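Only one structure is covered here, and it is reproduced in the block below.
The values are calculated or read from the model by the stated rules, or taken from the named source; none is laboratory data. Computed from a prediction, not measured in an experiment: that's the story for all the values here. Cβ atoms come from the backbone with ideal geometry, glycine included; neighbour counts cover every protein chain shown. Just the protein is used for accessible areas: all its heavy atoms, side chains included, with ligands, DNA and RNA removed. Shrake-Rupley method; radii C 1.70, N 1.55, O 1.52, S 1.80 Å.
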Amino acid sequence: MFVAVLSACAENGGTGTRFDASKPGVRITPPHDSMSVGSTQRLTAEVTNRIALGRPATVTWTSLNSTVATVNANGDIVALSSGLTHIVASIGTSADTTTIYVRAGSLIVEPNAVATAIGEEVRLTVYTQNRTAASGVDVHWSSADSAIARVSNDGTVTALGAGDAVLVATVGGERGTAVVSVRPRDISSLRLTPTTSSLYPSKTEQLALTAYDDAGRAMTVPIDNAKWSTTNATVLSVDDAGLVTGKVRGNAVVTAKIGSKAATASVNVLSEPVTSVTVGLASTLLDVGQTTQATATLLNTAGTAFTGPTVAWQSSNSAIAAVNASGVVTAVARGTVTISAVADGKTGGAALTVGPKSVATVVVSPNPASAAVGQTAQLTATAKDAAGTALVGRAITWASSNAAVATVSNTGVVSAVSMGTLTQPGPLQLIVPDVPNSLIGTFPTIMIPAFAVPSSILFHALSIRQIARMRDIG
């Protein structure tokens, strides 16, 4: 008699489902057996956790292939024809199954119903009906499904894939059969390779996932069984096949998970390699004290400009021109220097000359100015280049075109000398030394109060004469 024992547990030992200990459960042991055609077996069941059930237990029995074997309400099995069937015992939503194989032929193969895992091996033995081993005779073995199980000439069965396969032993005109049920091996651990890798943006890296059983043997696992994820989707992405694509510079951890097992790999996304650096200056000619902005252009392997690693700035002679971390160049002394940018080991530079710029204009202020006789007015003069940038450090010489009306000091202080009203007084001359010539600037107006109109007319005539003389000299 075959006895089926049903018990509540965290996980069944056969092909049934997992149990919740808080609910009534059933379990059939052993999980498989074999019978001959016409024989009978009684399965008995034990119900566990009756408190959770709260009422008398009634087990329902079902055969999944009644042409091979039937089962009644008492658990009695009748073997009808050769083949494989599963007998299910259920109570409520809990159930367990046992595999029954009804063998055919006059030979007995043992073990007759085998449950194993992929990669495992089992040795089968052939007996006659009187339990005599079929030794010294030629036994021919075959498998009904060699993708699930392969059997060698000595009866060694190798489990290859999940499923059920019938194995046949033939001796002369006699035959015997057995069934092997193969399940996937339980995964003990996972591993991703490479565990650490680097790639550039828009490039890809294929990660390989390997599963291992509790004996440390590698297992073949369909790649779509794994769930992939990344800790930083901004840095990189990973698809369902473990293909990583870099996005921007940074680091992320990629995780592959099957069930409760997981493996990780660290992936660094690097900046694109710099193939060349070019430097541009807003102005290649500076006067002492002036500044200009330097810019660096980085090119990748495709010759395309891109934003790459941080640029380091250098000056070939900081005593002539200095450059800060932002690329701002300051002229210090006259001379020629090279302003360089360094990125990813590549260097580019541009020449800068610090020297006197030609004076294009001189601006005098305030304009206009006025002073009473005996009073003074302070004037200032600024030399500028063609771009309108002030030129510092230039010596300025002041002169008055009519010292009888007003004088001017070397520092631009104008002193009113005589009384009178000049509607168009003589100009002040500003002499600004430059190489190789000098520039004359004209201060437009100085107003001097007067009490007598004739004096004003006299001074005005003198001023016109002086202007004419100065123009003739120039």
Inset, instruction - Would you give the gap between the C-alpha center of segment 93-122 and the C-alpha center of segment 138-170, rounded to a whole Å? - result: 13 Å
Inset, instruction - Would you work out the relative contact order for segment 221-294, in percent, from Cα pairs under 8 angstrom that are 6 or more residues apart? - result: 22 percent
Inset, instruction - Using packing as a proxy for protection, rank 338-346, 65-73 so that the peptide with the highest average count of other Cβ atoms within 10 Å comes first. - result: 338-346, 65-73
Inset, instruction - Evaluate the distance, in nm, between pseudo-label points positioned 7 Å from the Cα of THR297 and of VAL37 along their respective Cα→Cβ axes. - result: 8.9 nm
Inset, instruction - Give the cross-link partners of LYS227 among the aspartates and glutamates, using a straight C-alpha distance below 14 Å as the criterion and excluding same-chain residues fewer than 8 apart. - result: ASP239, ASP240
Inset, instruction - Any chance you could check the Cα centroid distance between segment 235-251 and segment 339-385 for me, in angstrom? - result: 54 Å
Inset, instruction - Run the accessible area of segment 341-425 with a 1.4 Å probe and give the carbon-and-sulfur part as a rounded percent. - result: 54 percent
Inset, instruction - Compute the accessible area per residue over segment 320-403, keeping the other protein chains in place, probe 1.4 Å, unit Å². - result: 47 Å²
Legend entry - Per residue value of the accessible surface for segment 233-303 (all protein chains in place, 1.4 Å probe), Å²: 45 Å²
Inset, instruction - Would you work out what percent of the accessible area of segment 185-240, with all protein chains in place, is carbon or sulfur (probe 1.4 Å)? - result: 45 percent
Inset, instruction - For a quick protection proxy, order the peptides 171-183, 398-410 by their average other-Cβ count within 10 Å, most packed first. - result: 171-183, 398-410
Legend entry - Residue-span extension gain [LEU285 to ALA73] - 0.36 nm each, minus C-alpha spacing: 65.8 nm
Legend entry - All aspartates and glutamates inside 20 Å of LYS357 as judged from Cα atoms, apart from same-chain residues fewer than 8 positions distant: ASP287, ASP385, ASP434
Inset, instruction - Quick one: go through segment 341-359 and flag any residue whose amide nitrogen is under 12 Å from the point 7 Å out along the Cα-to-Cβ line of ASN268. - result: none
Inset, instruction - Determine, for each peptide in 156-169, 238-251, the mean count of other beta carbons within 10 angstrom over its residues, then list the peptides with the highest first. - result: 156-169, 238-251
